[in-house]
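Taking it in order: structure first as C-alpha cells, then the write-up.
The values are calculated or read from the model by the stated rules, or taken from the named source; none is laboratory data. Keep in mind it's a predicted model, so treat the numbers as computed, not measured. All Cβ positions, even for glycine, are placed from backbone atoms using ideal geometry, and neighbour counts span all protein chains on display.
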Ligand code: HEM
C-alpha cells in the first residue's frame, strides 16, 4: 500500500518521494525476506565490483582522484549498498541517507572512523601520540571533552571573531596585492591556503605567523606543500598492499617525510609560544591567553598529546577552509544574481559598518544557505567512515560483521537526483524553504554526533566573516578566459584545476 501510494505521488518527482520509494522497496525486500523465513543477507550476497575491477579502477583509471565519482557509479550500478576492495581493505559502501543514519545511530560511546589508517601507523612508528583525528576510545574522549569546551559552545567560538577579523583584513589586502591589472587573482586556492593556515594559527597560538605577508615565510610554504603531498600519498599508501611498499618504497617514504615536517612545524610554534608565556610568568606578569594551545597545555595532558593534537588541528584548518572558500566564490562569481542578493543581505544587516562580528553573521540566512549548498556540492570530506568494533549490525537487510570498514558515501547522497532535485545545480535557496523535504542525513559535510567535526563552528565563523568582507570590498567575477572546474579527490575534495577570479573594487 505504502509503496503504491508513494508511486502515485512520486510522479510529482519530489526528491523526498523518490527517495522514500527506493527506501520502501529496499526495506520491504529485506523485511519481506525475513517474514518468509529467509535470514538477513550476508556480505557474500552483497553486490559489488570484483577485486580485479576495483584494482583496475583505482590504479589504471585514475580512480584515486575519482573516488567521489566512483561513489555515484556504485550507486547507479548496485543501489544503496555495495562492497568493494580498496587495496587490501574490504569496505561496505552505504549511499542512502536513511541507511547512513542507521549506521551512525549504532556507533556507540567512542565512535571509530577507521582502524586502518596510514596516519595511525606513522604515529606508532615515530612514537608520537595520537590527536583527535586519529585517537580512539578513552584517549579520544578525554581530549575531545577538553577541547570541546573551547571549540563547541557558540559563546566560546564567537570570542574568536576579533582574532579572525584581523586575519580577514590581511586577506583582503593580499587579494588586492595579488591582482593583475585586470583585477584577476590567479589561483585563488593558493591565497586561501595561506588564509586558512593563518586563521587556524591565530586561534591556536593567538599570534600571527606571517602567511599573508607580502613575502611568505619559507617554512609556511613548506608546511602547506607538506599537507598537500601528504594528502595525495595518504590514499596511495593505504591502497598499496605491504608487498608493494617493499617494491616501491618511495610513496611511504615521502608520506612520512611530510608528516615529520608537519609535526616539527607545530612543535616549533608551540614551544615558542609556551616559552614566551613562561618568561612572562617568571617576570611576575599575568598570563591571559585565550588560545587553544594554552588551554590544552594547562590541563595536565602530556606534552606529546599537546603536540599531536595541535598538529592535527593545524592540518584540519587549511585545506578545508581553502577549498570551501574557493568553491563559494567560484559559484558566486558564476551566479551574479545570488551574489547580489547576498550583498543586499550583508548591507542590510551591517547598516553601514564595514567589519562584521559573530552576532551579525548569525543574522544572515542566505549566507548560511550558500555555504551549506557549497558543502553539499563539494563536501570537503567526500566519504566519511565508521568501524563498529563491538557488535555486528544489520543495515539495509545485510549483516555487517563487527570491525568492517563502512564507507558513508556523502558525495553520492549529496548528488543523488532521488534525494536532491537538480543535484548538480547551485541553488542555495533550497535550504531556505520553510518546509524542507530533505532527509537530515542527506548532506552531512561536518558529520554528526559525538565524533563530528570539532572545528565546525570555528570554520563556519571564519568562512562567514571572510565571505561577508570580500563581498563588501569586491564584485567577484569569473576569469574571462576561465573554464568550468570540477572537483577531484585528494583524500579531501579539492578543485581539479586552478580557479582564477576577478576581484573588482566596489
Ligand atoms: C569547511 C570546513 C570543514 C569541514 C567541511 C570539516 C569536516 C569534517 C568532517 C566530515 C569530519 C569527520 C566527522 C565524523 O567523523 O563524523 C571532521 C572531523 C574533524 N575536524 Fe573538521 N571540517 C572542517 C574544518 C575544520 C577545522 C577548521 C578544524 C580545526 C579547527 C577541524 C577539525 C576537525 C577535527 C579535529 C576532527 C576530528 C574530530 C574527532 O574525531 O573527534 N575541522 N571535520
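Meeting the requirement of 2 or more residues that are under 20 Å from residue 268 (Cα atoms) and either away from the ligand (no atom under 16 Å from the Cβ) or in contact (Cβ under 8 Å) with a residue 60 or more places away in the chain (or both), the helices (runs of 4 or more DSSP H) wholly within region 146-258 are 188-205, 218-239. Applying the set (1) at pLDDT below 95; (2) assigned to a helix (DSSP H, G or I) to residue 390 leaves exactly one unmet item: (2). Residues that are within 11 Å of the ligand (Cβ to nearest atom), buried (at least 19 other Cβ atoms within 10 Å of the Cβ) and more than 19 Å from the chain's Cα centre (by Cα) within region 104-139 comprise 107, 130, listed in sequence order. Of the residues 261, 307, 294, the single one that is at pLDDT below 95, surrounded by 14 or more Cβ atoms within 10 Å (Cβ to Cβ) and part of a helix (DSSP H, G or I) is 294. Looking at residue 381, is it crowded, with 23+ Cβ neighbours inside 10 Å, within 16 Å of the ligand (Cβ to nearest atom) and at pLDDT 95 or above? Considered against the rule, which asks whether it is crowded, with 23+ Cβ neighbours inside 10 Å, within 16 Å of the ligand (Cβ to nearest atom) and at pLDDT 95 or above, residue 381 comes out as no.
Every condition in (1) assigned to a loop (DSSP other than H, G, I, E, B); (2) within 13 Å of the ligand (Cβ to nearest atom) holds for residue 402 except the one numbered (2). Do we have any residue at all in region 48-56 that's modelled with pLDDT of 95 or more and either more than 30 Å from residue 490 (Cα to Cα) or not in a helix (DSSP H, G or I) (or both)? Yes, region 48-56 contains at least one residue that is modelled with pLDDT of 95 or more and either more than 30 Å from residue 490 (Cα to Cα) or not in a helix (DSSP H, G or I) (or both). When residue 422 is tested against (1) assigned to a loop (DSSP other than H, G, I, E, B); (2) modelled with pLDDT of 95 or more; (3) touching a strand residue (DSSP E or B) at 6+ places or on another chain (Cβ under 8 Å), exactly one condition is not met: (3). Out of all the residues in region 310-340, which are outside any helix (DSSP H, G or I) and away from the ligand (no atom under 13 Å from the Cβ)? Scanning region 310-340 gives a single hit, 335. Within region 266-287, identify whether any single residue is in a helix (DSSP H, G or I), within 14 Å of the ligand (Cβ to nearest atom) and touching a residue at least 12 places away in the same chain (Cβ under 8 Å), and answer yes or no. Yes, some residue in region 266-287 is in a helix (DSSP H, G or I), within 14 Å of the ligand (Cβ to nearest atom) and touching a residue at least 12 places away in the same chain (Cβ under 8 Å).
Among the residues of region 414-451, those that are within 16 Å of the ligand (Cβ to nearest atom) and farther than 15 Å from residue 97 by Cβ comprise 428, 431, 446, 450, 451. Regarding region 73-86, can at least one residue be identified that is part of a helix (DSSP H, G or I), within 12 Å of the ligand (Cβ to nearest atom) and crowded, with 16+ Cβ neighbours inside 10 Å? No; the residues of region 73-86 include none that is part of a helix (DSSP H, G or I), within 12 Å of the ligand (Cβ to nearest atom) and crowded, with 16+ Cβ neighbours inside 10 Å.
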